[in-house]
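Data block below; observations after.
The values are calculated or read from the model by the stated rules, or taken from the named source; none is laboratory data. Bear in mind that the values here come from a model prediction, so they are computed numbers and not experimental data. With ideal geometry, Cβ positions are generated from the backbone for all residues, glycine too; neighbour counts draw on all protein chains shown.
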């Protein structure tokens, strides 16, 4: 599997965002070791990036690579669902 690029958009002082950060770091450390690059973006500090990414709610996790783009909104506590979305295959039309 090629490297995965994940972006987690959060509001740093928000309880759900803190939980999402902990959950995605745990998933990355245990299931995606060495295959993932994780960016955590605070929408308060970087509103332009949030606007460009069309973030409507936080926390929002975006899988940028591999294509196609995938989004998950929430605290990422449903580990099975998060792993299934992240593992979904690339779009054959883009290969």
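Of note:
- The number of residues in the range 13-58 being surrounded by 14 or more Cβ atoms within 10 Å (Cβ to Cβ), in contact with a strand residue (DSSP E or B) (Cβ under 8 Å, 6 or more places away or on another chain) and in a loop (DSSP other than H, G, I, E, B) comes to 5.
- The residues of the range 33-48 that are touching a residue at least 24 places away in the same chain (Cβ under 8 Å) and more than 10 Å from residue 3 (Cα to Cα), listed by number, are 38, 39, 40, 41, 42, 43, 44, 45.
- Complete set of residues in the range 75-88 that are in a loop (DSSP other than H, G, I, E, B) and in contact with a helix residue (DSSP H, G or I) (Cβ under 7 Å, 6 or more places away or on another chain): 75, 76, 77
- Inter-residue pairs, beta-carbon under 8 Å, first modelled with pLDDT under 95 and in the range 7-22, second surrounded by fewer than 16 Cβ atoms within 10 Å (Cβ to Cβ) and part of a loop (DSSP other than H, G, I, E, B), 6+ apart: 12/44; 12/45
- Considering the conditions (1) free of Cβ contacts under 8 Å to residues at least 24 places away in the same chain; (2) over 12 Å from the mean Cα position of the chain (by Cα), residue 72 is excluded by exactly one of them, (2).
- For the range 36-65, the set of residues classified as touching a helix residue (DSSP H, G or I) at 6+ places or on another chain (Cβ under 9 Å) and more than 15 Å from residue 10 (Cα to Cα) consists of 36 only.
- All told, residue 61 meets the bar of being touching a strand residue (DSSP E or B) at 6+ places or on another chain (Cβ under 7 Å) and modelled with pLDDT of 95 or more.
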